[in-house]
Structure formats: structure tokens, C-alpha cells
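S.K.: First, the structure itself, so that you have it in front of you.
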Amino acid sequence: MKSLCLYIVILATLIKSIASFSCEDIYLDSKNTLYKATSQKKVENEIKYSYGTEYNTWYIDPCRSVENEPKDYTKEKCPDNSRVCLVKTIEFNDEKKRKVIDIIGYAVSTPVQDPFIRQGNYTLYFEGEKESNYSAEINFSCAGDEKSNPDIELDANKKKVKVFWKGICVTDNKTEPIKDDDGKDNNNKKSGGHFIIRFILIIIICYFIIGMCYNYFVLNKNGLDIIPHIDILISVFGPIFDKISDLFGRRDYRPILQ
């Protein structure tokens, strides 16, 4: 049973790694990737009071973490792996240095592999810090200037922030670059190779999942016997595991059933 649980965990990890999101796999109409087309944005607004000024500073990067911000502080930093972070500071009239009031991470997770296009916008969804329960939605739109700062909408009641990134046009294919007239785009070859590898891995994983379900529910097999062609797998990979065990000095240990 422990071997079966380990097998399921490894299988789930493989599925997750295949389905994980990567900005380098998303292509724009300009034949550039989302990773290369985006960089960290800093959006700041201020609220003036009689005693001083409050600053709301947003650090946004959909493809990289902003956890090292703000750079002017040593102790207060944005949460690890955060893609959207709000730093609230205040500067009193009689002081020349800002003081941090609060730091909130609105996007600390990795979105799913296949975000969708809705009304011409490409949308990414992120979960926030567990303690704050805030989430983030980053929308990429073809309209506007790519060099301009994104627009930000914060809904405190729904605990959600929406970021509208301008001048980013994602292709309908999303995972394949647009071919030029000569068809000599090297990135196209790389993307095709990645797609084939993922496609083959998905077929293999689906085959094992369907086979395990069939062996368990139809043939009433248990334990390792529910794995399709387990005898062949043991005969092929068993000697490899034995060699690894010998290499680490575990000659009396036999993880593979004979």
C-alpha cells in the first residue's frame, strides 16, 4: 500500500509539473514571449493629510517575484514568490523618511497552465497570502501603450485586486509563436519540441491512470498489481534500482519485489 501511495504521489507531481504555468510558453502577436515582454512595474499614488503623506506603492510582475521590494528597507519586504505586492508607507511632515504601515502580497501562487482569453483579454489568476485571503487577477489587453503603468482596482470587500496590463496581445494559439514570412523563427522549433514532449507525457500518464482504474475496479486487483504491465516494469527497472542500492552500499536492501 505504501508503494502504491508513493506511486500516486509521483504521478500527481508529474501531472502538476506538466500543467504548471510558464511565461516563457506564452507567445504574443509580436512573436515575443510573455516573459520577455513584461518587466516589473511600480505604480504609486499618494494621499495627503494635514500631518503628512500616505503612499500606496504597488510592485507588479506577472512572470517574476517582487519579494525583494522595497529596496529602501531591510526588514520589511514583500512576501516570498509574490507577483503583486502593495506597500503602504507614511511620511510625517516633520520627518524625511517614510515608515512602513503594511505590506500585503496579493499574488503568491502559480496560475494554471491554460489561462483563458475573455473579450480579447488574456487573464491570469493568482491566489494571495493565506493569512490575508486576498487574490489577484492580471488582465493583458492589446489596447494602450505597453510602456505605460498598469491600472489597478482594489476591491476590499471581495478581497481581490485587478491589474490591467496594457499593450500586450496574446496570440490565439498562446503556446506557439506567429510564423514570419520566411518561416525561420527558431523559437517556433523550440515551442514545437516542448509541445511534443508534453503531449507524449500526457498520453503516458493518461494510459497509466486509465489502466490503474481498469485493473482496480474491473479486474479487482490490489496493491502494485493495479499498475499496468507491472511485471515488465519490474523486470526493466528492477536491476536499475538494485544497482543504485549497491552504489550507496545497501546490498541487503531490495526495494523491488521479486
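We did not get these values from a lab; they are worked out from the coordinates using the rules stated. As the structure is a computational prediction, the values presented were derived from the model and not from experiment. When we count neighbours, we look across all protein chains shown, and the Cβ atoms used for this are built from the backbone with ideal geometry, even at glycine.
S.K.: Using the Karplus curve 6.51 cos²θ - 1.76 cosθ + 1.60 with θ = phi - 60°, what ³J(HN,Hα) values do you get for each residue of the range 204-216, in whole Hz, with x for Gly and Pro?
M.R.: For the range 204-216, the Karplus-derived couplings read 4, 5, 4, 4, 5, 5, 5, x, 5, 5, 5, 5, 7 Hz, x marking Gly and Pro.
S.K.: Report the gain in length on full extension from Tyr51 to Lys243: 0.36 nm times residue separation, minus Cα-Cα distance, nm rounded to one decimal.
M.R.: 61.8 nm
S.K.: Starting from the amide H of Gly144, placed 1.01 Å from N in the peptide plane, find each other amide H under 5 Å away whose residue is 5 or more places distant or on another chain.
M.R.: Gly167
S.K.: Something else about it: What distance in nm separates the simple spin-label points at Thr74 and Asp29, each placed 7 Å from Cα in the Cβ direction?
M.R.: In this crude label model, Thr74 to Asp29 measures out at 4.9 nm.
S.K.: Determine the gain in length on full extension of the stretch Ile101-Leu224; use 0.36 nm per residue of separation and subtract their C-alpha separation, reporting nm with one decimal.
M.R.: 38.7 nm
S.K.: Please list, in chain and number order, the residues 5+ apart from Ile101 or on another chain whose amide H is under 5 Å from its amide H, with Hs placed from the backbone.
M.R.: Sorted by chain and number, the residues that satisfy this are Lys88, Thr89, Ile90.
S.K.: Mind checking the range 33-107 for trypsin sites (Lys or Arg not before Pro) that DSSP puts in a loop (not H, G, I, E or B) and that have at most 15 other Cβ atoms within 10 Å?
M.R.: Taking the range 33-107 and a limit of 15 other Cβ atoms within 10 Å, the loop trypsin sites (Lys or Arg not before Pro) found are Arg64, Lys71, Lys75, Lys96, Lys97.
S.K.: Subtract the Cα-Cα distance of Glu146 and Gln40 from 0.36 nm times their separation in residues, and report this length gain in nm to one decimal.
M.R.: Contour length minus Cα-Cα distance gives 36.9 nm.
S.K.: Students often get this wrong: which residues of the range 95-112 have the backbone nitrogen under 16 Å from the point 7 angstrom along Cα-to-C-beta of Asn81?
M.R.: Within reach of a label on Asn81, which here means backbone N under 16 Å from a point 7 Å along Cα→Cβ, the range 95-112 contributes 105-112.
S.K.: Each residue of the range 64-74 in turn: what ³J(HN,Hα) in whole Hz from Karplus with 6.51, -1.76, 1.60 and θ = phi - 60°, glycine and Pro shown as x?
M.R.: With the stated coefficients, the range 64-74 comes to 9, 7, 10, 5, 8, 8, x, 6, 7, 10, 9 Hz.
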